[in-house]
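Peer 1: Before I ask anything, let me first share the structure, which is written out below as structure tokens.
The values are calculated or read from the model by the stated rules, or taken from the named source; none is laboratory data. The model shown is predicted, which means the values in this text are computed figures rather than measured ones. Ideal geometry is used to build each Cβ from the backbone, glycine not excepted, and the neighbour counts take in all protein chains shown.
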Amino acid sequence: MHCVALVTDMIFETKIRSTAGAVGVNLTTAASTDELRNAMDEHDPGLVLIDLNEVGGSPIEAIALAKGHQSCPYVLAYCSHVQTDLRHAAEQAGADKVWPRSRFATQLPLLFQDLLDDVQLG
């Protein structure tokens, strides 16, 4: 399975990259909506991760872009737990899940493993 992550926070990019590598998920990162589009076209990901606090454009636009892509990826967005308006906007834009940043950080290995299991069983 391939994952594309729209993330500009270097700490979270490192966490996502190391977690993906540990469980065998291929990962491409993007720092803007344009890079996300290009990465999705190149890799047809099964999962797209979107940092709602990314600084390279509109994360809400990125969700719509991902949900409209031919690969029909699962889209998980994340942000601070206090950003309820942003979380609601992400849900309205079509994100499959919107998690608080803390849950994302702790649950990422399980998310990757669950998705890998689904791919192998499906």
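Peer 1: Can you pull out every residue in the stretch 75-105 that is charged (D, E, K, R) and under 21 Å from D44 (Cα atoms)?
Peer 2: The answer is D96, K97.
Peer 1: Filter the stretch 67-114 down to the residues that are of a type in the set (A, V, I, L, M) and over 24 Å from M1 (Cβ atoms) and list them by number.
Peer 2: V82, L86, A89
Peer 1: Mind listing just one residue for me: the one in the stretch 70-122 that is exposed (fewer than 15 other Cβ atoms within 10 Å of the Cβ) and hydrophobic (A, V, I, L, M, F, W, C) and, of those, farthest from L36 (Cα to Cα)?
Peer 2: L121
Peer 1: Cβ-Cβ under 8 Å, sequence separation 6+ or interchain: first residue in the stretch 28-41 and closer than 13 Å to P73 by Cα, partner among the aliphatic types (A, V, I, L, M) and part of a helix (DSSP H, G or I). Which pairs?
Peer 2: That search, which allows pairs on different chains as well, returns L36/A62; L36/L65; L36/A66; R37/L65; M40/L65; M40/A66.
Peer 1: Condition (residue is within 17 Å of L111 (Cβ to Cβ) and of a type outside the set (F, W, Y)) applied to the stretch 29-42: is it met by at least one residue?
Peer 2: Yes - at least one qualifying residue is present in the stretch 29-42.
Peer 1: Surrounded by fewer than 15 Cβ atoms within 10 Å (Cβ to Cβ), charged (D, E, K, R) and farther than 20 Å from D114 by Cα, is that true of D44?
Peer 2: On the way: surrounded by fewer than 15 Cβ atoms within 10 Å (Cβ to Cβ): yes; charged (D, E, K, R): yes; farther than 20 Å from D114 by Cα: no.
The answer is no for D44.
Peer 1: Hey, does the stretch 12-20 have a residue that's outside any helix (DSSP H, G or I) and either surrounded by fewer than 15 Cβ atoms within 10 Å (Cβ to Cβ) or without any contact (Cβ under 8 Å) to a residue 24 or more places away in the chain (or both)?
Peer 2: no
Peer 1: Let me ask something else about it. Can you tell me which of T29, T14 is more than 23 Å from Q70 (Cβ to Cβ) and not aromatic (F, W, Y)? Spell out how you get there, then give the answer.
Peer 2: On the way: T29 fails: more than 23 Å from Q70 (Cβ to Cβ).
Answer to the check: T14.
Peer 1: Right, next: From L27, L36, L49, which residue is farther than 18 Å from S102 by Cβ and not in a helix (DSSP H, G or I)?
Peer 2: None of the others qualify; the one that does is L27.
Peer 1: Restricting to the stretch 72-89, name every residue that is under 14 Å from the mean Cα position of the chain (by Cα) and of a type in the set (S, T, Y).
Peer 2: Y74, Y78
Peer 1: Look through the stretch 52-103, keep the residues that are assigned to a helix (DSSP H, G or I), farther than 20 Å from T8 by Cα and of a type in the set (D, E), and return whichever of them is modelled with the lowest pLDDT.
Peer 2: D85
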